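The values are calculated or read from the model by the stated rules, or taken from the named source; none is laboratory data. Because the structure is predicted, anything quoted here is derived from the model rather than measured. Note: ideal-geometry Cβ built from the backbone for every residue, glycine included; neighbour counts use all protein chains shown. Calculation scope for accessible area: heavy atoms of the full protein, side chains included, ligands and nucleic acids excluded. Shrake-Rupley method; radii C 1.70, N 1.55, O 1.52, S 1.80 Å.
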Amino acid sequence: MQTVWLTGAEWLAVLRIGLGLWWLESWRHKDKKGWFERGTGIAWAADVAGKHKWPAVKSGFDTVVAPRPKLMAYVVVYAELALGLGLISGFLTPVALVGGLLLNLLYLVLMIHDWAEQGQNAMMALVSLVALLALSWQTWSLDSAIGLF
């Protein structure tokens, strides 16, 4: 498919790279010292989960995250970095897209009451799904260069 400026595959790569930059910005603006040393990110999420209108969210948080807050802080922060770098470079792209989609869906459920967060997570999930189903790693990616997928 040819478009005005780039091919369809190139536009999909632009979409994938843009999503990667979005994840990288999410990582960049986090107060890592607060997340890792003071536990601010997990404490905030615990507060949100504790007030959530769906009991399963609080139960799931208490079961998975609460017993290991420091580990989960590192998982969240470095998952966002890994997603950003993977999508920008096009390395393990399908894995990064599925991981990002799942993380956005978790964020979407946790932040069900916050419309601003809902919009961002819904858009990122939609871009992940389009990039995944359209095989966006076929152009401008390490995956394509080394014949990984």
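May I ask you to give the average projected area over all directions of the convex hull of the Cα atoms of the chain, in nm² rounded to one decimal? The partial results should precede the final answer.
Values: hull surface 39.3 nm².
The number I arrive at for the chain is 9.8 nm².
Using a 1.4 Å probe on the protein chains only, how many percent of the accessible area of region 20-149 belongs to carbon and sulfur?
71
What FRET efficiency do you get for residue 78 and residue 129 if R0 is 25 Å and r is their Cβ-Cβ distance, rounded to the nearest 0.05? Provide the component values of the computation, followed by the final result.
On the way: r = 23 Å, r/R0 = 0.93.
The formula returns an efficiency of 0.60 here.
Need one number: nm distance between label points at residue 138 and residue 51, each 7 Å from Cα along Cα→Cβ, rounded to one decimal.
Reported label-point gap for residue 138 and residue 51 is 4.7 nm.
Do any chymotrypsin sites (Phe, Trp or Tyr not before Pro) in region 1-52 lie in a DSSP loop with no more than 11 other beta carbon atoms within 10 Å, and if so, which?
On the way: sites: 5, 11, 22, 23, 27, 35, 36, 44; in loops: 5.
Answer in residue order: 5.
By a straight-distance test (C-alpha under 19 Å), which lysines pair with residue 58 as possible cross-link partners, with residues fewer than eight away in the same chain excluded?
Within reach: 70.
In Å², what does the accessible area per residue of region 78-123 work out to with a 1.4 Å probe?
Ligands and nucleic acids excluded, the figure is 48 Å² per residue.
Which lysines have a Cα less than 21 Å from the Cα of residue 53, not counting those fewer than 8 places away in the same chain?
none
What does a probe at residue 68 reach in region 75-95, counting residues whose amide N is under 17 Å from the point 7 Å along Cα→Cβ?
What the label zone holds, given the 17 Å backbone N cut-off, is 75-80.
With each run of n ≥ 4 DSSP H residues scored as -39500 (n - 2.57), what mean residue ellipticity at 222 nm is computed for the chain after dividing by its residue count and rounding to the nearest 500 deg cm²/dmol?
Mean residue ellipticity at 222 nm (helix-derived): -23000 deg cm²/dmol.
Take residue 10 and residue 106, extend 7 Å from each Cα along the Cα→Cβ direction, and tell me the distance between the two endpoints in nm.
About 3.7 nm, to one decimal.
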